[in-house]
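Here is the structure we will look at, set down as structure tokens.
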Amino acid sequence: MPISARERRILILAGLVSAVFVVTQIVPAAQVLYESRNATIQGILLAVEREVRLIEDSLVWRDRRIEAEVQQAKVESQIFSGLTIPLVEANLQQDLSNYARDSGLSVSATRLADSIQANGWLMVSQEMSFRTDDASNTIAFLKLLESSQPRLLVRDFSLSRSRNQYNGSITAVGFAETTSLGGKQ
């Protein structure tokens, strides 16, 4: 059955009305759905990127924490400990005397230790006089101090020769945290 011209116009008009309906109603809804989907995808991609960055940063922070713990252990092994300042001073004096004797020096005199507190730290300074027949003993002594645990630092050193004997004096310094003293001073 053939379509009449009037029916054809009605079909064309219905097609135009449905095209306008599709353009004005369905296309914007599809665009909103597409943009919403793109925003969701972008959000997921950003979340994944953030998670990857956090994982990478966690490895860096873990390495930094391990490095800080190693540094802390190193510092703790280089400082003196004791419950009171006199105990810290006695520990420093004993270590200094032991290193002198181990290197072949004869300790002739020790003075009272001087202590200074500042910013949570205690600096103990110990002066000692010694003598020896062999100058190389002083080198051995200084090497022992250099590798000492807890760390003894040389603040002042002098050595003089008289006949077959060398006389010297040394001022060594050690450190302790005042927080480890437990408030007893």
Which residues, taken from the range 89-130, are outside any strand (DSSP E or B) and among the aromatic types (Phe, Trp, Tyr)? Tyr99
Quick one: which of Leu92, Leu87, Leu54 is modelled with pLDDT under 95 and more than 16 Å from Pro150 (Cα to Cα)? Leu54
Selected residue (only one of Ser147, Ser115, Ser136 is in contact with a strand residue (DSSP E or B) (Cβ under 8 Å, 6 or more places away or on another chain) and among the polar types (S, T, N, Q)): Ser115
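Quick grid of which residues meet (1) closer than 17 Å to Ala172 by Cα; (2) surrounded by fewer than 15 Cβ atoms within 10 Å (Cβ to Cβ):
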| position | (1), (2) |
| --- | --- |
| Lys74 | no, yes |
| Ser115 | yes, no |
| Met123 | yes, no |
| Ile139 | yes, yes |
Residue selected from the range 131-176 under the condition touching a residue at least 60 places away in the same chain (Cβ under 8 Å) and not in a strand (DSSP E or B), by the criterion farthest from Ile85 (Cα to Cα): Gln149
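The values are calculated or read from the model by the stated rules, or taken from the named source; none is laboratory data. Quantities reported herein were computed from a predicted structural model and do not represent experimental measurements. Don't worry about glycine lacking a Cβ; one is built from the backbone with ideal geometry, like all the others, and counts go over all protein chains shown.
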